[in-house]
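Peer 1: Below is a structure I'd like to ask you about.
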Amino acid sequence: MTIREIVTLPDQVLRRKARKVTQFGPELQTLIDDMVETMRAEPGVGLAATQVNVPWRVIVVEFGDEEDEEVPPKLYAVVNPEITRASTEMILGNEGCLSIPGIAGEVERHASLTVKGYNRNGKPVTIKAQGWLARIFQHEVDHLDGILFVDRALKIWKIEEAPAQVAPAD
């Protein structure tokens, strides 16, 4: 496994739409392993393939139980993720991004959602998420469509000026 360089603004790679994955071979497996290692090294809670300059629809997310910190975080690797259902309830929250260091923002996101896609072996997966986990999935899927959290932010600030409660960066 290798820690990959994270692409940062103003690199236009972050604005391109990623392509669907059609091959679930060794190259994909290496990418997912490298993305997990890169995300953990930063540290972050999510990473999209576009953030490591790979134009594929792949995300990794690792997040624990909001109610019980004793429960270890769960790792998700989702290939070709699609948000197939989103709640009408919206929640404001503070976000950061590994591709936009030093900046945070207040973003409105769906409170809960369903994500469908494939696991690293090509088996279909359905994930129901709410709260911060739902926020992380929306943030990462946005990356695959060339959308950054600053595009959705109602307010943006430098991290030094950030309120005490800023969500972990992706």
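Peer 1: Inside region 93-103, can you point out the residues that are surrounded by 19 or more Cβ atoms within 10 Å (Cβ to Cβ) and either without any contact (Cβ under 8 Å) to a residue 24 or more places away in the chain or part of a loop (DSSP other than H, G, I, E, B) (or both)?
Peer 2: Once the filter is applied, which keeps residues that are surrounded by 19 or more Cβ atoms within 10 Å (Cβ to Cβ) and either without any contact (Cβ under 8 Å) to a residue 24 or more places away in the chain or part of a loop (DSSP other than H, G, I, E, B) (or both), region 93-103 yields C97, L98, S99, I100.
Peer 1: Go through region 28-61 and give me each residue that's over 11 Å from R4 (Cα atoms) and in a loop (DSSP other than H, G, I, E, B).
Peer 2: Result: P43, G44, V45, P55, R57.
Peer 1: Please count how many residues of region 124-147 are small (G, A, S) and surrounded by 22 or more Cβ atoms within 10 Å (Cβ to Cβ).
Peer 2: Total satisfying the criteria: 1.
Peer 1: A follow-up question, please. Can you give me the number of residues within region 104-114 that are of a type in the set (A, V, I, L, M), part of a strand (DSSP E or B) and either out of contact with any Ser or Thr (no Cβ under 8 Å at 6 or more places or on another chain) or more than 28 Å from L28 (Cα to Cα) (or both)?
Peer 2: So the count comes out to 2.
Peer 1: Let me ask you something else. State which residue is farthest from S99 (Cα to Cα) when the search covers only region 115-162 and only residues that are part of a helix (DSSP H, G or I), in contact with a Ser or Thr (Cβ under 8 Å, 6 or more places away or on another chain) and not hydrophobic (A, V, I, L, M, F, W, C).
Peer 2: G131
Peer 1: Further, regarding this structure: Scan region 65-92 residue by residue and report those that are within 21 Å of Y118 (Cα to Cα) and surrounded by fewer than 16 Cβ atoms within 10 Å (Cβ to Cβ).
Peer 2: P73, K74, L75, E82, T84, R85
Peer 1: Answer with yes or no whether D11 is out of contact with any helix residue (DSSP H, G or I) (no Cβ under 8 Å at 6 or more places or on another chain) and within 14 Å of L98 (Cα to Cα).
Peer 2: Working: out of contact with any helix residue (DSSP H, G or I) (no Cβ under 8 Å at 6 or more places or on another chain): yes; within 14 Å of L98 (Cα to Cα): yes.
Yes.
Peer 1: Follow-up question, since we're still on this one. Can you run down the residue pairs with Cβ atoms below 8 Å, 6 or more apart or on separate chains, where the first is in region 104-117 and polar (S, T, N, Q) and at pLDDT 95 or above and the partner is surrounded by fewer than 16 Cβ atoms within 10 Å (Cβ to Cβ) and in a strand (DSSP E or B)?
Peer 2: What qualifies is S112/K128; S112/Q130; T114/T84; T114/R85; T114/T126; T114/K128.
Peer 1: Right, something else. Would you say T38 is among the hydroxyl-bearing types (S, T, Y), out of contact with any Gly (no Cβ under 7 Å at 6 or more places or on another chain) and either modelled with pLDDT under 95 or more than 28 Å from Q130 (Cβ to Cβ) (or both)?
Peer 2: Working: among the hydroxyl-bearing types (S, T, Y): yes; out of contact with any Gly (no Cβ under 7 Å at 6 or more places or on another chain): yes; either modelled with pLDDT under 95 or more than 28 Å from Q130 (Cβ to Cβ) (or both): no.
So T38 fails the test.
Peer 1: Now, a different point. Say we look at region 21-52 and pick out the residues that are among the charged types (D, E, K, R) and surrounded by 13 or more Cβ atoms within 10 Å (Cβ to Cβ); which of these is nearest to V78 (Cα to Cα)?
Peer 2: We begin by selecting, within region 21-52, every residue among the charged types (D, E, K, R); these are 27, 33-34, 37, 40, 42.
Right, trim to surrounded by 13 or more Cβ atoms within 10 Å (Cβ to Cβ) and you get 33-34, 37, 40, 42.
Working: D33: 12, D34: 14, E37: 15, R40: 17, E42: 20 Å.
In this case the residue turns out to be D33.
The values are calculated or read from the model by the stated rules, or taken from the named source; none is laboratory data. Quick caveat: nothing in here was measured; it's all calculated off a predicted structure. Quick reminder, even Gly has a Cβ in these numbers, built from the backbone with ideal geometry, and neighbours come from all protein chains shown.
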